[in-house]
Amino acid sequence: MSEKSNQDKLNLPNLGLGCMSLPDSYIAAEKIIHAAIDSGISFLDTADLYQKGQNETNIGKAIQAKRSQLILASKVGNQWNAEGTAWSWNPRKAYILKAAEDSLKRLRTDYLDLYQLHGGTIEDPWEETLEAFELLKAQGKIRAFGISSIRPNVIRKVVGMNPPATIMMQYSPLDRRPEEVIFPFLEKTTTRVLVRGAFAKGILIDKPLVGFLDFPKEKVAEIKDEIHKQGVSPAAILIRFGLAEKAVSSLIIGASSVDQVGKLMKGYEESQHISDEIIVELKRKFTPNLYQDHR
């Protein structure tokens, strides 16, 4: 799988498997993970939040024999209560250090290639949060850190304090908010974007039409129709759409079946033959939405 020329030091591939949608069953999850790896995906992204840690446990068991060949990412910051009925935000240093140890045990590894803060607000205690990640790097328990955020004010603050390797954010033809400020800002830095939500929850592929953000159902239908009439698979268009942005290094796309892995890889291969002009024209036809909060 090719890599973009402006990759960060992790040399992240264009596609990563988003593991949030993996089934609870280990046997079913293992089949999907192995299908992804066998088809060329070497980047797996999970979080301690998913399935209350079971997601990490399943991944750790499934990849044990192949760990050294993979880029493994997880996330931290959402702490389950004692009853396991709800979670709260905790970006404190002590919690991050403890959660990292727990994730490493579940994933059966002694290091993570990428450890990400699973959210964040401008009011967070960023000095101690970033100190925790730096300490984990110094201990060799993580290679790099990132954040998952769509908030321009948070992104500017963190990049100004200690530039993360990556920032994960939602981006698709139905959510073009990063185009206004964040993509141009990050293009000038070493930080690269991991795109989630590239398929807009499947709405732009085969899921039923609904409104999305500030787009009413009718506008979503227009955008979907335009994508579907390009003569290639909608998955290919959406993958090319995300990777066309210079600030983007990778798309993190989920799969809940082996069949979906096959369709994802077929779409990726097809996307490499789509011209820039098709993506430029698609963007020109529709007005991008803008951030209203946290600017």
Query raised in the report: Among 252, 237, which is the only one that is of a type in the set (A, V, I, L, M, F, W, C), modelled with pLDDT of 95 or more and outside any helix (DSSP H, G or I)?
Result: 252
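Counting residues that are touching a residue at least 60 places away in the same chain (Cβ under 8 Å), which strands (runs of 3 or more DSSP E) fully inside the stretch 67-149 reach at least 2? Before you say what the answer is, go through the steps one by one.
Numbers: elements: 71-76, 78-80, 87-89, 112-117, 142-148.
Where strands (runs of 3 or more DSSP E) fall fully within the stretch 67-149 and carry at least 2 residues being touching a residue at least 60 places away in the same chain (Cβ under 8 Å), they are 71-76, 112-117, 142-148.
Please tell me if residue 190 is exposed (fewer than 15 other Cβ atoms within 10 Å of the Cβ) and in contact (Cβ under 8 Å) with a residue 60 or more places away in the chain.
The answer is yes for residue 190.
Listed here are the residues, each with its yes/no results for (1) assigned to a loop (DSSP other than H, G, I, E, B); (2) modelled with pLDDT of 95 or more; (3) among the hydroxyl-bearing types (Ser, Thr, Tyr).
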residue: 2; (1), (2), (3): yes, no, yes
residue: 6; (1), (2), (3): yes, no, no
residue: 10; (1), (2), (3): yes, no, no
residue: 13; (1), (2), (3): yes, yes, no
residue: 16; (1), (2), (3): no, yes, no
residue: 27; (1), (2), (3): no, yes, no
residue: 31; (1), (2), (3): no, yes, no
residue: 41; (1), (2), (3): yes, yes, no
Report task. Test each condition in (1) of a type in the set (Lys, Arg); (2) at pLDDT 95 or above; (3) not in a helix (DSSP H, G or I) for residue 295 and report the one that comes out false. Result -> (2)
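Would you mind finding the one in 84, 77 that is touching a Gly at 6+ places or on another chain (Cβ under 6 Å) and among the small types (Gly, Ala, Ser)? Lay out the reasoning, then the answer.
Working: 84 fails: touching a Gly at 6+ places or on another chain (Cβ under 6 Å).
None of the others qualify; the one that does is 77.
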Requested in this report: Those residues that are over 22 Å from residue 239 (Cβ atoms) and within 18 Å of the chain's Cα centre (by Cα), I need them from the stretch 177-196; list them, please.
Outcome: 190
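The values are calculated or read from the model by the stated rules, or taken from the named source; none is laboratory data. The shown structure was predicted, so the numbers you read here are calculated from the model rather than taken from an experiment. Cβ atoms come from the backbone with ideal geometry, glycine included; neighbour counts cover every protein chain shown.
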